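Engineer: Take this structure first; my questions come after.
The values are calculated or read from the model by the stated rules, or taken from the named source; none is laboratory data. Owing to the predicted nature of the structure, the values given are computational and were not obtained by experimental measurement. Here the Cβ positions follow ideal geometry from the backbone for every residue, glycine too, while neighbour counts run over all protein chains shown. All accessible areas refer to the heavy atoms of the entire protein, side chains included, with ligands and DNA or RNA removed. Shrake-Rupley method; radii C 1.70, N 1.55, O 1.52, S 1.80 Å.
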Amino acid sequence: MCKGFSNPFLSGILGLRELFFPRRCVVCGRFLSIEEQDLCADCLSGIPLTYQWEIGQNAAFERLARRFEVEGVAALLFFGSESDYRKILYAIKYSGRCQLGYRMGRLLGTQLAGSRMFSRCQAVVPVPLHPLRRWKRGYNQAEEIARGVASAMDLPLETTLLQRCRYTRTQTRLRGDAKTKNVQGAFQLQPVSTARLQKAGIRHLLLIDDVLTTGSTLAASADPLLQAGFRVNCATLAFAGG
Ligand SMILES: [Zn+2]
């Protein structure tokens, strides 16, 4: 889990650090004011929102519905190849900015909480990393986003249900069919957590990943959930190729 700084001594050090190394906007690089966090006011108001949480048959839904039986799908923002907003995803995934993941997850969760499409969701499940990759990175970016979503939607976060049982190559440089083959059968359910959720009557899950590209990772993750009788909804921070 991403650790916050509740210790006043550490907070003091961070305050001093900010004096000498002022924070910059993740998107445009401009210095941030005291009131701004992560993104400057201009970049925050300019986020290319998808509004997919307002449209059942949206482009993200159609992309996943071709692969598996999915209920609702939405991403927070569009992720064009030229867009500076890609930097948010890179910062969360590669620069250790896990708290940014949590806060962007809260933004996403706030939209989903007000959407009837996602009103049946009973628990939030992040797409897991293989334990070795998680150990190398120190955290799972999808889990940090999911933590923010769960907090904004006031839903439980389930991090033990879905497990990655096979170490796979990173999807970033793979194309279409290679992506599908790479992650096929890579996920399984943890039996004790599965039984606990089923006993509690939890059926509708919200699966969270950082970005939706071809949908192969979400499809492979959804597969064991669907086989166990769960209904699957999906949400990501970004929607690529929209
Ligand atoms: Zn900015």
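Engineer: ASN58: net charge of surrounding residues, Cβ under 15 Å, Lys/Arg +1, Asp/Glu -1, itself excluded?
Structural biologist: Residues near ASN58 contribute 0 overall.
Engineer: Taking all pairs of distinct Cα atoms, average 1/r, flip it, and tell me the Kirkwood hydrodynamic radius of the range 39-114 in Å to one decimal place.
Structural biologist: On the way: mean 1/r = 0.0730 Å⁻¹.
Roughly 13.7 Å, rounded to one decimal.
Engineer: Let me ask you something else. Round to the nearest 10 and report in Å² the accessible area of THR194, as given by a 1.4 Å probe over the protein chains' heavy atoms.
Structural biologist: It works out to around 20 Å².
Engineer: Another question, if that's okay. Probe radius 1.4 Å, ligands and nucleic acids ignored: give me the carbon and sulfur share of the accessible area of the range 15-102 as a rounded percent. Spell out each step's value before the answer.
Structural biologist: On the way: 2770 of 5070 Å².
About 55 percent, which is the carbon plus sulfur part of the accessible surface.
Engineer: Sticking with this one: So who's got an amide H within less than 5 Å of the one on GLU36, skipping anything under 5 residues away but keeping other chains? H placed 1.01 Å off N, in plane.
Structural biologist: Those qualifying (amide H under 5 Å, at least 5 residues apart or on another chain) number zero.
Engineer: Please list 221-231, 68-78 highest first by mean number of surrounding beta-carbon atoms within 10 Å per residue. Kindly include the intermediate steps, with their values, before the conclusion.
Structural biologist: Details: 221-231: 18.0, 68-78: 22.4.
Going from most to least packed, we get 68-78, 221-231.
Engineer: Just going by the charge dipole of the chain, with Lys and Arg at +1 and Asp and Glu at -1 on Cβ, which of GLN141, PRO224, ALA200 is farthest out on the positive end?
Structural biologist: PRO224
Engineer: Report the Cα-based extents of the range 81-207 along its three principal axes, largest first, to the nearest Å.
Structural biologist: Result for the range 81-207: principal-axis Cα extents of 40, 31, 28 Å.
Engineer: Under the rule of at least 5 residues apart or a separate chain, name every residue whose amide H is placed under 5 Å from the amide H of VAL27.
Structural biologist: HN-HN under 5 Å from VAL27: CYS40.
Engineer: Something else about it: Would you mind working out the accessible area per residue for the chain, using a 1.4 Å probe, and quoting it in Å²? Before the final figure, lay out the partial values.
Structural biologist: Values: 12550 Å² over 242 residues.
Spelled out: the 1.4 Å probe surface of the chain, per residue, equals 52 Å².
Engineer: Kindly provide the helix-only [θ] at 222 nm of the chain, computed as the sum of -39,500 (n - 2.57) over DSSP H runs of four or more divided by all residues, to the nearest 500 deg cm²/dmol? Mind dumping the intermediate values first?
Structural biologist: On the way: 10 runs with 99 residues, N = 242.
Mean residue ellipticity, 222 nm, calculated: -12000 deg cm²/dmol.
Engineer: What does the convex hull of the Cα atoms of the chain come to per residue, in Å³, rounded to a whole number?
Structural biologist: Numbers: hull volume 32.6 nm³, N = 242.
Normalising the Cα hull of the chain by residue number yields 135 Å³.
Engineer: Would you mind calculating the relative contact order of the chain from Cα pairs under 8 angstrom and at least 6 residues apart, reporting the percent as a whole number? Can you show the working numbers first?
Structural biologist: Working: 418 pairs, mean separation 54.9, N = 242.
The value is 23 percent.
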